[in-house]
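The values are calculated or read from the model by the stated rules, or taken from the named source; none is laboratory data. It should be emphasised that the depicted structure is a prediction, and the values quoted were computed from it without experimental measurement. Every residue, glycine as well, gets a Cβ built from its backbone with ideal geometry; the counts of neighbours run over all protein chains shown.
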Amino acid sequence: MTRDGQAVAPSSRRHGDGAEAAARDIEAIYRMERVRLTAGLARHVGDLGLAEDLAQEALISALATWPRTGTPPNPGAWLMTTAKRRGVDLWRRRRMMARHEASLAHDIETGRADEHEAVEATLDDEIGDERLSLIFTACHPLLSRDQRTALTLKVIGGLTTEEIARAFLTQETTVAQRIVRAKKILRDADITFEVPMGQERDARLASVLEVIYIIFNEGYAASRGEELIRVQLCQEAMRLGRILVGLAPLEPEAHGLLALMELQASRFKARVAPDGSALTLETQNRGLWDRLLIQRGLEGMAAAKRLGGDDGVYALQAALAAVHARAARFEDTDWALSAAHYDRLLERVPSPVVALNRAVAHAMAFGPDLGLTLLADIEGEPQLADYPPLHAAKGDFLMRLGLLAEAQVAFELAAGLSGNETERAFLMARAEACEREP
């Protein structure tokens with residue numbers, strides 16, 4: 001009995017809790033298999049949109065079946081087989097793609113689906129990873145830069161249109177339109193889902209690097225949700241980066257990007273306090289920084305330099321991360337060097353976000369007055385109007401100058417714009433600190 005006298009059925013509650021737990025487990029498996037599943041289906045059906053639909057139907061089937069039968073020994077193969085069976089049914093109804101139907105139906109009906117998947121895995125392509133293969137396919141030159149990046153982030157990174165819009169500093173509707181248009185272009189052009197070779201593949205490399213970089217960034221500073229860091233996204237981006245370095249060992253920017261990600265990832269354990277609150281570079285326990293990742297990052301920077309790419313966009317950002325990695329204490333940070341790196345990066349990438357980070361570095365090196373002057377040059381940028389880091393930086397500069405009332409307003413504005421709960425709490429704590437200061 002409850003306090004209000006209403007009866008409760010304990011067995012029903014336990015059953016409900018068990019069903020919810022089973023559903024969570026199934027969805028976790030699906031998240032791990034989603035990209036490979038979509039990539040494999042896209043290669044068979046030649047339509048990315050249809051592949052995503054079939055993958056979703058396989059998930060629905062798993063949610064209905066596995067709680068009764070148990071999770072199969074090879075859940076990925078089960079999902080692939082189920083999705084293909086749905087595809088065969090669809091083709092039969094539409095009386096299309098007869099060649100594919102005969103091949104897939106034979107494998108399924110003879111129970112050779114798992115064997116079929118194993119053979120496909122060995123014959124996939126020279127990259128040997130379906131996720132990276134799909135990135136190269138989605139970065140087709142028929143698509144504009146914005147279209148291919150948005151499409152790949154949605155399909156490979158699993159980012160929402162809201163998260164992609166934040167990465168591009170644009171509107172959700174714009175991103176959604178780009179994704180729909182990109183899928184239509186690939187479908188109408190009957191693009192084969194395979195990895196390009198030679199010069200054609202090299203021509204897409206810059207787009208692939210950019211996509212991996214944005215996937216990592218969304219994991220490093222999650223725009224939405226409760227957690228500050230989405231570690232799984234970052235790990236996936238680093239895994240793809242390592243494969244890419246193996247694929248293009250003479251490409252300096254591949255080394256630069258991997259170095260950047262490893263140096264940034266080295267600080268993961270120190271960025272969040274035990275209570276879940278965010279910690280700044282100044283307050284982090286540097287003993288928790290991963291020295292192995294730092295070593296790998298520095299080695300990657302050296303490789304980029306040997307290949308003549310130390311002035312590349314990703315190599316420069318890796319150099320910025322290395323400034324912090326080499327400082328034993330926050331007080332030892334070479335902010336003047338950081339400011340110089342940002343000066344060069346802004347020349348290479350004239351972006352409002354780079355200009356904002358440059359202002360922060362110059363403020364740390366030469367004083368908050370200069371930081372505010374540099375911010376004044378970019379505050380009118382429409383892309384930064386609703387960008388929380390702009391207002392957070394302004395609040396920091398004002399706070400260091402003793403202008404606490406103005407700083408509080410800036411921190412509160414930044415908190416109101418943030419969609420991440422941990423970040424929002426951190427910004428509100430800074431706003432409240434302005435009230436406590438004498």
Review point. Based on what the data block shows, is GLU218 at pLDDT 85 or above and of a type outside the set (S, T, N, Q)?
Key: no
Check your understanding: If you take the residues of segment 152-166 that are touching a Leu at 6+ places or on another chain (Cβ under 7 Å) and in a helix (DSSP H, G or I), which of them is nearest to ARG31 (Cα to Cα)?
Key -> VAL155
**Study point:** Matching residues, segment 263-273, being of a type outside the set (A, V, I, L, M) and crowded, with 17+ Cβ neighbours inside 10 Å
**Key:** GLN264, SER266, ARG267, PHE268, ARG271
Check your understanding: Which numbered condition trips up ASP369, out of (1) assigned to a helix (DSSP H, G or I); (2) in contact with a Leu (Cβ under 9 Å, 6 or more places away or on another chain); (3) within 28 Å of THR170 (Cβ to Cβ)?
Key -> (3)
Practice item. Tell me which residues, restricted to segment 364-379, are under 28 Å from the mean Cα position of the chain (by Cα) and more than 17 Å from LEU427 (Cβ to Cβ). Key: ILE378, GLU379
Check your understanding: under 20 Å from MET261 (Cβ atoms) and not assigned by TED's automatic domain parsing to the domain that holds ALA55: does that describe GLU163?
Key -> yes
Check your understanding: Which residue, of GLY309, GLY276, is touching a Gly at 6+ places or on another chain (Cβ under 8 Å) and in a loop (DSSP other than H, G, I, E, B)?
Key -> GLY309
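Every residue, every condition in (1) more than 23 Å from LEU132 (Cα to Cα); (2) among the aromatic types (Phe, Trp, Tyr); (3) loosely packed, with under 15 Cβ neighbours inside 10 Å, yes or no:
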position	(1), (2), (3)
MET261	no, no, no
ASP275	yes, no, yes
GLY287	yes, no, yes
ALA302	yes, no, yes
TYR314	no, yes, no
HIS341	yes, no, no
VAL349	yes, no, yes
